[in-house]
Amino acid sequence: MTIVDTILRGGKVINVQTRSIEYIDVGIKDGIIVFDATEAQEIIDVNGAYIAPGFIDAHMHVESTMLPPTSFVQLTLPHGTTTAIFDPHEIANVLGIAGIKLIMDDAKGIPFDAYFAASSCVPASPLETSGAVLLSDDLEPLFEDERVIALAEMMNFPGVIHDDEEVHKKIKMGLRHGKVDGHCPGLRGKELLKYIAAGISSDHESITEKEAQEKLDAGMQIYIREGSAAKNLEALLPIITPENAHKICFCTDDRHPADLRDEGHIDHIIRKAISLGLDPILAICIATKHVSDHYELNDIGSIEEGKFANLVIFDDLQSPNPKQTWHHGKLVADNGNVIEIECTTDWTIAKDSVHLPSSITQESFAIHVQSELVRVIGLIQGQLFTEELHLKTTDEDVLKMAVIERHHNTGNIGLGFVHGFAFTGGAIASTVGHDSHNIAVVGDNDEDMCIAATAIADSGGGQCVVSGGKVLAMLPLPIAGLMSDSPPDVVIEQQHAVLKAIASLGCPLDDPFMPLSFLPLSVIPKLKLSDLGLVDVDQFTIVPIEVCPTE
């Protein structure tokens with residue numbers, strides 16, 4: 001006779017080991033799964049509902065939710081996510097190791113298995129100015145915490161291919177402690193093989209079936225990303241077969257709070273994959289066991305004797321909408337209601353992180369060109385990749401863009417042009433600008449651009465919309481200019497306000513701040529803008545705004 005704390009009776013258990021459904025009671029004792037339970041302090045009849053392992057996000061930046069972990073889980077636990085592998089390189093690029101430790105401290109004690117990957121690329125490239133520089137010796141002590149299980153995405157793939165000594169030192173360090181995550185958009189052929197041979201085992205940047213298949217065939221673990229900005233699921237779903245599915249995981253990378261609350265998290269990806277034709281049980285395997293297997297997280301990922309009772313309960317296998325979420329045997333979310341989670345983190349050192357040059361004026365945003373054509377960053381809907389367009393400054397939907405260094409008062413301001421925002425009569429600005437998170441501004445006039453940059457600096461960071469010399473809406477992000485210390489619902493209301501304001505200026509994008517946040521990212525092709533200037537990512541160099549007649 002085995003007496004346990006809880007028995008979940010009458011459920012259909014999804015066995016991700018055999019990819020089958022079992023009709024078996026699930027006992028829980030001290031947070032651990034027990035199958036031979038005969039008596040319990042509490043017996044709960046789930047009335048034929050499905051019981052699956054808690055969902056796992058294989059790779060994400062919690063800072064991109066604009067919420068610290070204690071607030072993030074308030075939105076994700078109701079959607080069945082019980083685990084995520086966080087790469088805190090957003091706050092690391094602002095505050096260095098101190099920022100990483102703040103995130104890790106905030107994640108302690110919450111009803112959620114938060115694992116971490118040590119941020120490998122701070123800064124992401126030498127073509128931008130970050131708030132910190134982290135070398136392998138800086139990162140090594142992080143692995144003393146058992147929650148740090150990998151070296152985070154190695155974005156400096158040119159450094160891997162061209163044998164940069166410090167890059168390879170970081171990779172070797174990561175391999176000593178666990179896995180090394182990858183980031184190699186568009187990398188193919190011999191260069192891809194050299195990147196993998198260095199010891200890098202995963203990638204979440206594929207956007208085409210052919211690219212993902214080549215990486216899969218070369219032995220990589222493929223993370224299919226479906227976030228708020230990059231949506232790759234539909235394009236990559238055809239690569240999945242029952243035979244290779246163990247090499248596939250789901251991740252969000254970057255997900256905004258309203259999307260988390262209203263659409264979901266990993267459960268949203270599962271439902272979408274099923275609607276596109278993927279077998280439901282296989283989709284759940286990809287969202288659970290395959291991640292835990294890859295990272296060798298042996299206590300989670302499946303419903304087995306001796307593992308933590310991280311469980312999701314739902315009624316419809318064809319459209320899994322979680323009713324209940326259990327973490328380590330405790331009911332933490334029930335029909336959308338989540339248990340109370342207290343934040344005791346002192347964020348003081350993360351405040352006052354935005355420093356605008358005192359000399360900035362409207363003239364700082366003036367771009368003087370002589371040539372007829374200029375290089376213009378072209379947005380691609382739903383992708384982080386951009387195009388290089390050659391257009392006239394007077395062409396339709398050619399707006400100015402500026403990236404202002406905000407960490408060290410260098411006075412650096414990168415200037416350029418962008419196509420795809422299509423609004424008139426104003427400007428938007430944000431301190432969320434991957435990965436160095438300098439101030440990014442887009443507008444059609446210098447006055448509003450200057451006011452927008454000044455307004456978010458004065459608020460300690462955030463996102464804002466300006467028109468006619470007035471701030472129409474503001475989303476304050478005082479924690480490192482990346483996250484809010486307000487409750488999630490307040491943050492979502494503020495986000496809705498800035499989105500409504502920019503829509504009033506004619507912007508057709510659902511959330512223009514998301515593509516704006518990636519336009520300074522100098523490690524994803526093709527054309528980006530940093531505080532140092534216009535970046536040709538393929539050539540990994542700064543290029544002039546003006547187009548030569550011979551080009």
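Among the helices (runs of 4 or more DSSP H) confined to the stretch 162-240, the ones with at least 2 residues that are under 27 Å from Asp510 (Cβ atoms) are located at 209-217, 233-236. When you check Thr393 against the structure, is it crowded, with 21+ Cβ neighbours inside 10 Å and touching a strand residue (DSSP E or B) at 6+ places or on another chain (Cβ under 7 Å), yes or no? No: the conditions fail for Thr393.
Look through Thr386, Thr361 and report the one residue that is under 26 Å from the mean Cα position of the chain (by Cα) and either closer than 28 Å to Met483 by Cα or loosely packed, with under 15 Cβ neighbours inside 10 Å (or both).
Only one candidate qualifies: Thr386.
Of all the numbered requirements in (1) at negative phi; (2) charged (D, E, K, R); (3) more than 18 Å from the chain's Cα centre (by Cα), Asp163 misses one, and that requirement is (1). If you go through the stretch 490-548 and keep only what is of a type in the set (A, V, I, L, M) and either assigned to a strand (DSSP E or B) or over 24 Å from the mean Cα position of the chain (by Cα) (or both), you end up with Ala501, Ala503, Leu505, Leu527, Leu529, Leu532, Leu534, Val535, Ile542, Val543, Ile545, Val547. Cβ-Cβ distances below 8 Å connect the following pairs, each with a first residue in the stretch 220-236 that is modelled with pLDDT under 95, a second residue that is part of a helix (DSSP H, G or I) and hydrophobic (A, V, I, L, M, F, W, C), and a separation of six or more residues or different chains: Ser228/Met514; Ala229/Met514; Ala229/Phe518.
Quick one: is Asp485 surrounded by fewer than 24 Cβ atoms within 10 Å (Cβ to Cβ), without any contact (Cβ under 8 Å) to a residue 24 or more places away in the chain and closer than 30 Å to Cys121 by Cβ? Spelling it out, it is not the case that Asp485 is surrounded by fewer than 24 Cβ atoms within 10 Å (Cβ to Cβ), without any contact (Cβ under 8 Å) to a residue 24 or more places away in the chain and closer than 30 Å to Cys121 by Cβ. Set side by side, the residues Gly264, Gly277 differ, and just one is buried (at least 21 other Cβ atoms within 10 Å of the Cβ), assigned to a loop (DSSP other than H, G, I, E, B), modelled with pLDDT of 95 or more and not assigned by TED's automatic domain parsing to the domain that holds Val491, which is Gly264. Taking residues in the stretch 497-516 that are β-branched (Val, Ile, Thr), and partners anywhere that are outside any helix (DSSP H, G or I), the pairs with Cβ atoms closer than 6 Å and at least 6 places apart or on different chains are Val498/Gln463; Val498/Val465; Val498/Ala473; Val498/Leu475; Ile502/Ile428; Ile502/Val465; Ile502/Pro512. Here Leu331 fulfils each of the conditions (1) out of contact with any helix residue (DSSP H, G or I) (no Cβ under 6 Å at 6 or more places or on another chain); (2) farther than 27 Å from Leu216 by Cβ; (3) part of a helix (DSSP H, G or I); (4) aliphatic (A, V, I, L, M) apart from (3).
The values are calculated or read from the model by the stated rules, or taken from the named source; none is laboratory data. Computed from a prediction, not measured in an experiment: that's the story for all the values here. When we count neighbours, we look across all protein chains shown, and the Cβ atoms used for this are built from the backbone with ideal geometry, even at glycine.
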